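A.B. asks: Take this structure first; my questions come after.
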Amino acid sequence: MKNRILFISLAVVLALSVGLIGCGGGGEPEVPEWILIGDTVSYTGPYAIFGGVASWGTEAAVEDINAEGGIYVEEYDTKIKVKWITVDCESDVNKVATLTEDLILNDKVHFLGGHFEVPPMRQGTAMMAQEYGIPAVFGVGTYEPWVGMQAAAAEPWTYSWAFGFSIGTPAVAGDYREGDPGYLMMGTWLGALDAAGAETNKKVALFALDDPDGLGWYQGFAGAAEAAGYDCYRAEDEFGVYPFGTTDFTSLIQEWKDAGCEIM
């Protein structure tokens, strides 16, 4: 469903940016055979649980759109079918920018995006979208890490539009989700925690991957859990944040056990 909603958003971007597809030197514009959308996908590697799985929704959306004749483009007064061109980035953040640039220069895609990835996997996409002036619409999962990455960018990402959900940041005034905690992960998580928390000593062992996404979850959960009366072990120095590729957690587990943590 999220990926189908994405293509509604992408259709709006198409309507606003149709000039990017290309016109002839005069007279009637030549109708492109396809609207080309390119994206890097984590088909393999540790993030395949996101990209590799979520991509099926985009593929289904493309099939549905093309079955109806494509997306109507006012510039040409006709529907144009969509082709989603993807390449496996192997869950490697260092490959995304180069592969995205190749999609732009060699595959001549008109737009970028199409599915859900964790925020770090979208930095390279946003950078290339900005450099080449290519509109990009994509899923980033959590709002807070994505906003943090945007703020740290050397150049504002004015060609990228991201969708996802918040860990704990409430919707702004006027948003249809305003005042509805069901749209926030934090309320769901604290509800589940409180259901069993009274049966424990409320000492929590937190762990997360050492990347923008993991740190966003770690910091958000630690603050909310402590405000709710839980003791998050050594959260002030981010104990339990581990580097990419870690497979042996023995030392972390032993320290949590020694500290008497009963919630992980």
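A.B. asks: Roughly how big is the chain's charge dipole about its Cα centre, with Cβ charges of +1 (Lys, Arg) and -1 (Asp, Glu), in debye to the nearest 20?
C.D. replies: Taking the Cα centre of the chain as origin, the dipole is about 260 debye.
A.B. asks: Now for a separate question. Under 29 Å from the Cα of K83, which lysines turn up, not counting those fewer than eight places away in the same chain?
C.D. replies: Filter leaves K2, K95, K108.
A.B. asks: Taking the DSSP beta bridges in the chain as the whole, what percent of them are antiparallel, to the nearest 5?
C.D. replies: 10 percent
A.B. asks: Could you give the distance between the Cα centres of the range 63-87 and the range 134-179, to the whole Å?
C.D. replies: That distance is 26 Å.
A.B. asks: Can you return the lysines within cross-link range of K203? Criterion is Cα-Cα under 18 Å, with same-chain partners fewer than 8 residues away left out.
C.D. replies: Partners within reach: K257.
A.B. asks: Still on this model: Give, to the nearest whole percent, the P(r) tail of the chain beyond 35 angstrom, counting all Cα pairs. Let's see the in-between values first.
C.D. replies: Details: 9275 of 34716 pairs.
The answer is 27 percent, as a whole percent.
A.B. asks: Going Cα to Cα from K79, which lysines come in below 16 Å? Please leave out same-chain ones fewer than 8 positions away.
C.D. replies: Filter leaves no residues.
A.B. asks: Also: Would you mind listing how long the range 205-249 runs along its three principal axes, going by Cα atoms, in whole Å with the largest first?
C.D. replies: Dimensions of the range 205-249 along the principal axes of its Cα atoms: 32, 19, 13 Å.
A.B. asks: Hey, another quick one. Suppose every Lys and Arg Cβ carries +1 and every Asp and Glu Cβ carries -1, with no other charges. What dipole size does the range 182-258 come out with about its Cα centre, to the nearest 20 debye? The partial results should precede the final answer.
C.D. replies: Working: 4 positive and 13 negative charges, 51 e Å.
Approximately 240 debye in magnitude.
A.B. asks: What is the fewest-to-most order of V53, V41 by other Cβ atoms lying within 10 Å of their Cβ? Let's see the in-between values first.
C.D. replies: On the way: V53 13, V41 26.
Fewest to most other Cβ atoms nearby, the residues stand as V53, V41.
A.B. asks: At a Förster distance of 30 Å, what's the computed FRET efficiency of T98 paired with A60, Cβ-Cβ distance as r, to 0.05?
C.D. replies: E(calc), rounded to 0.05, equals 0.60.
A.B. asks: If I take every Cα pair under 8 Å that is 6 or more residues apart in the range 182-258, average their sequence separation and divide by the length, what percent do I get for the relative contact order?
C.D. replies: 33 percent
A.B. asks: Additional query: Can you give the relative contact order of the chain as a percent, counting alpha carbon pairs under 8 Å and 6+ residues apart? Before the final figure, lay out each step's value.
C.D. replies: Working: 434 pairs, mean separation 38.4, N = 264.
Relative CO of the chain lands at 15 percent.
A.B. asks: Chymotrypsin sites (Phe, Trp or Tyr not before Pro), restricted to the range 166-264: which are DSSP loop and have at most 15 other Cβ atoms within 10 Å?
C.D. replies: Y176, F244, F249
A.B. asks: Would you work out which of V140, G70, F239 lies farthest towards the positive end of the dipole of the chain, given +1 charges on the beta-carbon of Lys and Arg and -1 on that of Asp and Glu, about the Cα centre?
C.D. replies: Among V140, G70, F239, the one farthest towards the positive end of the dipole of the chain is G70.
A.B. asks: Grab the DSSP H runs of the chain that are 4 residues or longer, score each as -39,500 (n - 2.57), total them, divide by all residues and round the 222 nm result to the nearest 500 deg cm²/dmol.
C.D. replies: Taken over the chain, the calculation gives -12500 deg cm²/dmol.
A.B. asks: Just check the range 111-264 against the gyration tensor rule for me: Cα atoms, a ≥ b ≥ c as the square roots of the eigenvalues, rounded for a/c under 1.5, and otherwise prolate or oblate depending on whether a/b exceeds b/c.
C.D. replies: Taking the square roots of the gyration eigenvalues as a ≥ b ≥ c, the range 111-264 is oblate.
Laboratory data are not the source of any read-out in this text; all were calculated from the coordinates shown. None of the values given here were measured: they were computed from a predicted structure. Positions of Cβ are generated from backbone atoms using ideal geometry, with glycine treated the same way; all protein chains shown enter the neighbour counts.
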